[in-house]
Amino acid sequence: MHIDYLKNSPHFAEELNRLCFNEWGYLFPGSTSEEWLARLKDRMNDKAIPLALVASRKDEFMGTASLFQCDMEDRQHLFPWLAAVFVKSEFRNQGVGTRLLNSIDAECLKLGYDRYYLYTGEARNFYLKRGWAVIEERRYHGEEVVVMGKTINSPPV
């Protein structure tokens, strides 16, 4: 498995956008796939937020994770945020998500952050097992979610 910046793998952008829009588009009524693609292209960075990482094998897209300045409009004081973590179903439970998160940990440290945040509706236990702690439970975009934070103590191995 290879993890790289989306910037270096732009050929994955269309598939990544389709998968993420299908997964989360309903949370943002009125948004379009084209708008999502434009925001995805904003993440084609390797030295600044926002950025996206992609996992691939033999040029097949496996998963992604992004780092945003903020992913919750009413929690602007918390930053940065892990967001848009997605692993294709055929690659789940194979360590892809964990490798992506470890790579995002490293990106945070490179950018000078030792703490970051996320919110999730269904993946609470996945993140708890990987060192994240619950900050609050709340309703957001009509869904019950948990806001979590993680302190990165040292670079991942």
Among PHE79, GLN94, TYR117, pick out the residue whose Cα is farthest towards the positive end of the charge dipole of segment 48-151, where Lys and Arg carry +1 and Asp and Glu carry -1 on C-beta, about the Cα centre.
GLN94
Would you work out the charge dipole size for the chain about its Cα centre, treating the Cβ of every Lys and Arg as +1 and the Cβ of every Asp and Glu as -1, and quote it to the nearest 20 debye?
460
With R₀ set to 25 angstrom, the calculated FRET efficiency between the beta-carbons of PHE79 and ASN125, to the nearest 0.05, is 0.50
Mean projection of the alpha-carbon convex hull of the chain over all orientations, in nm²?
8.9
Can you figure out the FRET efficiency of HIS141 with HIS2, using R₀ = 35 Å and their beta-carbon distance, to the nearest 0.05?
0.60
So what is Rg over Rh here for segment 1-63, counting just Cα atoms and using Kirkwood for Rh?
0.98
For the chain, calculated [θ]222 nm from helices alone, where every DSSP H run of n ≥ 4 adds -39500 (n - 2.57):
-8000 deg cm²/dmol
Roughly how many Å is it from the Cα centre of segment 1-48 to that of segment 71-96, as a whole number?
12
Over the chain, with a Gaussian network built from C-alpha contacts below 10 Å, which listed residue (GLY95, GLY142, GLY63) shows the highest mean-square fluctuation?
GLY142
Using amide H atoms built 1.01 Å from N in the peptide plane, name the residues 5+ places from TYR140, or on other chains, whose amide H lies under 5 Å from its own.
VAL145
Amide H to amide H under 5 Å from MET62: which residues, 5+ apart in sequence or cross-chain, H placed 1.01 Å off N in plane?
ALA55, SER56, ARG57
Report the accessible area of GLU35, computed with a 1.4 Å probe over the heavy atoms of all protein chains in place, in Å² rounded to the nearest 10.
80
Using a 1.4 Å probe on the protein chains only, how many percent of the accessible area of the chain belongs to carbon and sulfur?
49
Comparing VAL145, VAL96, VAL85 in a Gaussian network model of the chain (Cα, 10 Å), the one with the largest mean-square fluctuation is VAL145
Set the Förster distance to 41 Å, then compute FRET efficiency between LYS58 and ARG115 from the Cβ-Cβ distance, nearest 0.05.
0.70
GLU90-ALA48 pseudo-label distance in nm [points 7 Å out on the Cα-to-Cβ vector]
3.7
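The values are calculated or read from the model by the stated rules, or taken from the named source; none is laboratory data. Bear in mind that the values here come from a model prediction, so they are computed numbers and not experimental data. Neighbour counts run over all protein chains shown; Cβ positions are idealised from the backbone, glycine included. Each accessible area value is taken on the protein alone, full model and side chains, heavy atoms only, with ligands, DNA and RNA left out. Shrake-Rupley method; radii C 1.70, N 1.55, O 1.52, S 1.80 Å.
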